[in-house]
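Taking it in order: structure first as structure tokens, then the write-up.
The values are calculated or read from the model by the stated rules, or taken from the named source; none is laboratory data. Computed from a predicted model, the values in this text were never measured in an experiment. Here the Cβ positions follow ideal geometry from the backbone for every residue, glycine too, while neighbour counts run over all protein chains shown. For the accessible areas, the whole protein counts, side chains as well, though only heavy atoms, and no ligand, DNA or RNA atoms are used. Shrake-Rupley method; radii C 1.70, N 1.55, O 1.52, S 1.80 Å.
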Amino acid sequence: MAAKTFDVTVASREKPLWQGKAFQVQVPALGGGLTFLPGHASSFVLLSKGDLKINGEKDLAFSIEGGFASFEKNQMVIAVDSGEEEELKPKKA
């Protein structure tokens with residue numbers, strides 16, 4: 001049976017930003033946006049400036065300035081040059 005979540009760690013040069021489980025992660029890859037789900041193929045991706053979005057126990061967004069993301073065996077590490085958590089706007093009904 002496939003996993004429903006995967007482990008995610010987000011860190012900047014200055015400090016850890018977040019660690020937890022996610023259902024989905026969207027990253028601003030250099031070639032365009034990329035979405036990771038549980039069971040995704042192993043990947044190493046360079047990131048550009050943009051929004052990093054994490055859907056998990058709680059939905060989060062970070063404004064990042066580039067970095068890289070690595071995904072392997074349902075574990076994702078995202079290292080960003082700099083990043084700040086953004087407040088998510090409530091979804092419209």
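Given the structure, is LEU46 in contact with a Phe, Trp or Tyr (Cβ under 6 Å, 6 or more places away or on another chain) and surrounded by fewer than 17 Cβ atoms within 10 Å (Cβ to Cβ)? Walk me through it before giving the result.
Working: in contact with a Phe, Trp or Tyr (Cβ under 6 Å, 6 or more places away or on another chain): yes; surrounded by fewer than 17 Cβ atoms within 10 Å (Cβ to Cβ): yes.
When the stated conditions are applied, LEU46 passes them.
This table checks each residue for (1) among the acidic types (Asp, Glu); (2) surrounded by 11 or more Cβ atoms within 10 Å (Cβ to Cβ); (3) within 16 Å of ASP7 (Cα to Cα); (4) at pLDDT below 95.
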{"site": "GLU57", "(1), (2), (3), (4)": "yes, yes, yes, yes"}
{"site": "ALA69", "(1), (2), (3), (4)": "no, yes, yes, no"}
{"site": "GLU72", "(1), (2), (3), (4)": "yes, yes, yes, no"}
{"site": "VAL77", "(1), (2), (3), (4)": "no, yes, yes, no"}
{"site": "GLU86", "(1), (2), (3), (4)": "yes, yes, no, yes"}
{"site": "LYS89", "(1), (2), (3), (4)": "no, no, no, yes"}
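Using beta carbons and a limit of 6 Å, which pairs, at least six apart or on different chains, have the first residue in the stretch 24-49 and within 18 Å of THR9 (Cβ to Cβ) and the second one among the acidic types (Asp, Glu)?
SER42/GLU72
Of everything in the stretch 1-23, what is part of a loop (DSSP other than H, G, I, E, B) and open to solvent by less than 80 Å² (accessible area, probe 1.4 Å)? Give them in sequence order.
Scanning the stretch 1-23 gives ALA3, THR5.
Collect the residues in the stretch 24-38 that are open to solvent by less than 70 Å² (accessible area, probe 1.4 Å), over 13 Å from PHE6 (Cβ atoms) and either touching a strand residue (DSSP E or B) at 6+ places or on another chain (Cβ under 6 Å) or modelled with pLDDT of 95 or more (or both), keeping them in residue-number order.
GLN26, VAL27, PRO28, ALA29, LEU34
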